[in-house]
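The values are calculated or read from the model by the stated rules, or taken from the named source; none is laboratory data. Given the structure is predicted, the values throughout are model-derived calculations rather than measurements. Please note: Cβ atoms are built from the backbone with ideal geometry, for glycine as well, and neighbour counts cover all protein chains shown. Areas reflect the complete protein model, heavy atoms only, side chains present, ligands, DNA and RNA absent. Shrake-Rupley method; radii C 1.70, N 1.55, O 1.52, S 1.80 Å.
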Amino acid sequence: MVNIPGITEIIRDPSGVPGMDQITDGGFPKETNILLLGPTGAGKSSMCIQFTKCGLELGEQVLYISTQLPLYDMRAKMRQFGLDTGKYEDEGNLVLVNPLSKEISGADTDEQMQAARFVEVEHNITTIASLINEGKRKLMKDQIRIVIDSLTGLLLNTSDEGLHELYRLIETITRRVRLQKHVALFTLAPAIDERTIERLKFIMDGVMEFKVELDFDTPERKLIIHNLLFTDKAIGRYNYILTPHGIILNRY
């Protein structure tokens with residue numbers, strides 16, 4: 001595996017099959033925000049959990065923000081990938097947040113009851129920002145991994161009038177990632193209008209698109225890396241498969 005300055009390892013495949021580290025010269029660069037774009041079931045969340053698991057196993061800290069699942073479902077999904085969230089939460093290396101249900105790791109609340117009460121984004125931008133900041137403050141290391149899965153959940157709960165404040169929040173998060181030398185993954189479904197997608201691409205430092213073709217006996221999956229700051233080698237198309245361990249690139 002090639003390591004170059006400013007690179008954070010993310011996905012290691014012990015089988016020798018080409019993995020994400022190989023095509024990015026070592027992993028996702030620090031100080032970058034990467035947008036994962038693709039339809040439901042393509043593997044965006046799988047990559048986010050894989051990214052989280054690898055970071056925790058390397059001794060890093062992770063802030064995992066979900067706008068789709070309550071915390072108890074987030075933990076159950078991560079366990080399917082062999083990630084013991086309780087261990088890392090107890091150690092203070094993993095913080096889970098759902099800003100729409102106002103849930104955060106370690107809070108003394110009934111999560112199943114709380115998860116039923118989702119807030120309207122445009123009237124609660126300050127609350128959402130505060131929860132994200134509270135989760136960040138729980139992590140004490142200088143450099144952390146951040147996941148927001150997904151931006152779709154925020155955008156779909158915001159009217160056109162409220163989008164300006166939401167964009168400002170996203171821009172603030174990406175700016176802090178760069179300044180504080182973190183790495184962040186954001187997921188987005190293509191159901192969002194094209195203008196919004198293009199604006200988010202402009203904000204980010206890299207875009208990785210998942211394409212799934214179902215008109216075959218075996219679904220054909222391709223990962224298209226449009227750009228990724230500091231890793232010119234990574235731009236291109238790669239076949240991938242979904243496994244219980246996450247995403248594996250099987251030809252490039």
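Could you say whether any residue in segment 150-158 is touching a Pro at 6+ places or on another chain (Cβ under 6 Å) and open to solvent by 10 Å² or more (accessible area, probe 1.4 Å)?
no
Go over the candidates I197, I146, I235 one by one and state the one that is of a type in the set (V, I, T), over 18 Å from G43 (Cα atoms) and buried (at least 16 other Cβ atoms within 10 Å of the Cβ).
Being of a type in the set (V, I, T), over 18 Å from G43 (Cα atoms) and buried (at least 16 other Cβ atoms within 10 Å of the Cβ) holds for just one of I197, I146, I235, which is I197.
Filter segment 62-74 for residues that are under 22 Å from L151 (Cβ atoms) and of a type outside the set (A, V, I, L, M); which is most open to solvent (accessible area, probe 1.4 Å)?
Among those residues, the one meeting the criterion is Q68.
Need pairs with beta-carbon distance below 7 Å; first residue among the polar types (S, T, N, Q) and within segment 191-207, second assigned to a helix (DSSP H, G or I); sequence gap 6+ or separate chains.
T196/L155
Does N124 satisfy the criteria of being among the polar types (S, T, N, Q) and buried (at least 16 other Cβ atoms within 10 Å of the Cβ)?
yes
Looking at segment 36-48 only, could you name the residues that are within 16 Å of L249 (Cα to Cα), of a type in the set (A, V, I, L, M, F, W, C) and not in a loop (DSSP other than H, G, I, E, B)?
L36, M47, C48
Within segment 95-213, which helices (runs of 4 or more DSSP H) (wholly inside it) include 1 or more residues that are among the aromatic types (F, W, Y) and at pLDDT 90 or above?
Once the helices (runs of 4 or more DSSP H) in segment 95-213 are filtered for at least 1 residues that are among the aromatic types (F, W, Y) and at pLDDT 90 or above, what remains is 163-179, 194-203.
Take segment 1-43 and flag every residue that is open to solvent by less than 20 Å² (accessible area, probe 1.4 Å), at pLDDT 90 or above and not hydroxyl-bearing (S, T, Y).
Matches in segment 1-43: N33, I34, L35, L36, L37, G38, A42, G43.
Can you pull out every residue in segment 210-232 that is buried (at least 20 other Cβ atoms within 10 Å of the Cβ) and closer than 23 Å to E31 by Cβ?
L223, I225, L228, T231
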